[in-house]
Amino acid sequence: MNYRHAFHAGNHADVLKHVVLLFCLDALKRKETPFGVLDTHAGGGRYDLFSAEAMRSPEWQHGIGELWDWPDAPPAVARLKRAILADNADGALRHYPGSPLLIANALREGDALEACELHPEEYAALRQTVGRRPGVHLHARDGFEALTALLPPKQRRGLVLIDPPYEKPDEVFKTAQVLGPALQRFGHGVYLWWRPLKNDSELRRADAEVRASGADKLLRADLWVDAPAPAGRLHGSSMLVINPPFGLDATLRQALPVIAAKLSRGAAGFRITTP
Ligand code: SAM
């Protein structure tokens, strides 16, 4: 396990993922009944954008950095900025919150987060970031296995975020496979599955497999900031949402064109489809 999210925190892929995540958390909070969240690949939860790792590329400067001072930002980006400001008391962009911190900050009394992380250093960071928060339970265990072991949530409503590092070539296929049994246990949950935009025919096969395993409400949102890079630098990403909350489609149709225009490094674009 070599992947460290600190190198990528706040990049265009995090922007897409976290805009969708925050919209779906807000949608769950429209009802008073408690919800549970499973974050299968949580990471450390908080990233210093001026650390040596974050400054190596630095991807965030072409991601959240480009969207930070944007008075006319669409509501979805303004929402992300508010969530980031919660972790930057002086208003300057210094720390970027990862998914478990965004989720922990959204929890109400009775809501819960189950967050899985396998890398020992990331797990230690995660404990420090959200380990003492009420309703937060951390697991140093395999997130794919947790998809069946920890579902359904006790609250019987909620959200599942699946965000593997894709270090192994079969991780798209593997996720599509484990989603079947997960959907059998928790069919009405909202699932957010992040994927790199590298091999579109593989993603289309995965989408078809998810549909075949019983998910009939699907929304796919892709965002790319450049033409595909031969050397494998990530040019875009794709979120597959199962059981998307009302309003997500319209919110993304408003936000993604202007995010793509802001983040463009030559050939940016977006696509919202129903696979
Ligand atoms: N979801 C995080 C966010 O949005 O801030 C980023 C997660 S990062 C893309 C993927 C994380 O999964 C890494 O921290 C890695 O150590 C962890 N990981 C790798 N394999 C795992 C596995 N089988 N189960 C749980 N975590 C794993």
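With Rg and the Kirkwood Rh both taken from Cα atoms, where does Rg over Rh land for segment 131-232?
Numbers: Rg = 15.1 Å, Rh = 15.2 Å.
A ratio of 0.99.
Among ALA227, ALA212, GLN184, whose Cα lies farthest out toward the positive end of the dipole of segment 180-275, if unit charges sit on the beta carbon of Lys, Arg (+1) and Asp, Glu (-1)?
Checked the options; the winner is ALA227.
What's the Cα-based Rg to Rh of segment 68-146, Rh via Kirkwood? Mind dumping the intermediate values first?
Working: Rg = 14.5 Å, Rh = 14.0 Å.
Answer for segment 68-146: 1.03.
Roughly what % antiparallel, to the nearest 5, for the DSSP beta bridges in the chain?
Values: 21 of 37 bridges.
Here the antiparallel bridges make up roughly 55 percent for the chain.
At 222 nm, what value in deg cm²/dmol follows for the chain if DSSP H runs of at least 4 each add -39500 (n - 2.57) and the sum is divided by all its residues, to the nearest 500?
Numbers: 10 runs with 107 residues, N = 275.
Roughly -11500 deg cm²/dmol at 222 nm, from the helical runs in the chain.
Is any residue of segment 39-53 close enough, with backbone N under 20 Å, to a label point placed 7 angstrom from the Cα of ALA229 along the Cα-Cβ axis, and if so, which?
So the set is 49-53.
Given the protein chains as shown and a 1.4 Å probe, how many square angstrom of TYR96 are accessible, to the nearest 10?
Rounded to the nearest 10, that gives 0 Å².
Taking the simple approach of a point 7 Å from Cα along Cα-to-Cβ for both LYS174 and ALA92, what is their distance in nm?
The modelled label-to-label distance comes out at 4.1 nm.
Please list, short to long, the whole-number percent of alpha-carbon pairs of segment 1-137 in consecutive 10 angstrom bins beginning at zero.
12, 43, 35, 9, 0
Using a 1.4 Å probe, how large is the accessible area of HIS62, given in Å² and rounded to the nearest 10?
Surface open to solvent at HIS62 totals about 70 Å².
Give me the accessible area of GLU117, 1.4 Å probe, in Å² rounded to the nearest 10.
GLU117 exposes around 20 Å² with every protein chain in place.
Largest first, what is the accessible-area ranking of GLU114, GLU66 with a 1.4 Å probe?
On the way: GLU114 45, GLU66 80 Å².
Sorted descending by solvent-accessible area, the residues read GLU66, GLU114.
Give the ranking of GLU209, GLU171 by solvent-accessible surface, highest area first, calculated with a 1.4 Å probe.
Per-residue accessible area, sorted high to low, gives GLU209, GLU171.
If DNA, RNA and ligands are ignored and the probe is 1.4 Å, what is the ranking of ASP26, ASP87, ASP111 by accessible area, most exposed first? Before the final figure, lay out each step's value.
Working: ASP26 55, ASP87 30, ASP111 5 Å².
Greatest to least solvent exposure: ASP26, ASP87, ASP111.
Could you check which residue among PRO153, PRO257, PRO164 shows the biggest mean-square fluctuation in a GNM of the chain with a 10 Å Cα cutoff?
PRO257
Which three lengths, in whole Å and largest first, does segment 118-189 cover when its Cα atoms are put on their principal axes?
34, 33, 15
Only Cα pairs under 8 Å and at least 6 apart count here; give the relative contact order of the chain as a rounded whole percent.
So the answer I get is 22 percent.
Dividing the alpha-carbon radius of gyration of the chain by 2.2 N^0.38 Å (N being the number of residues), what value is obtained?
Details: Rg = 17.2 Å, N = 275, 2.2 N^0.38 = 18.6 Å.
After normalising by residue count via 2.2 N^0.38 Å, the value is 0.92.
Show the residues, 5+ positions off or on another chain, whose built amide H is closer than 5 Å to the amide H of HIS41.
HN-HN under 5 Å from HIS41: CYS116, ASP163.
Putting +1 on Lys and Arg Cβ atoms and -1 on Asp and Glu Cβ atoms, find which of ALA76, ALA250, LEU240 reaches farthest to the positive end of the dipole of the chain.
Final value for the positive-end residue is ALA250.
The values are calculated or read from the model by the stated rules, or taken from the named source; none is laboratory data. Since this is a predicted model, take the numbers as computed values, not measurements. Ideal geometry is used to build each Cβ from the backbone, glycine not excepted, and the neighbour counts take in all protein chains shown. Areas reflect the complete protein model, heavy atoms only, side chains present, ligands, DNA and RNA absent. Shrake-Rupley method; radii C 1.70, N 1.55, O 1.52, S 1.80 Å.
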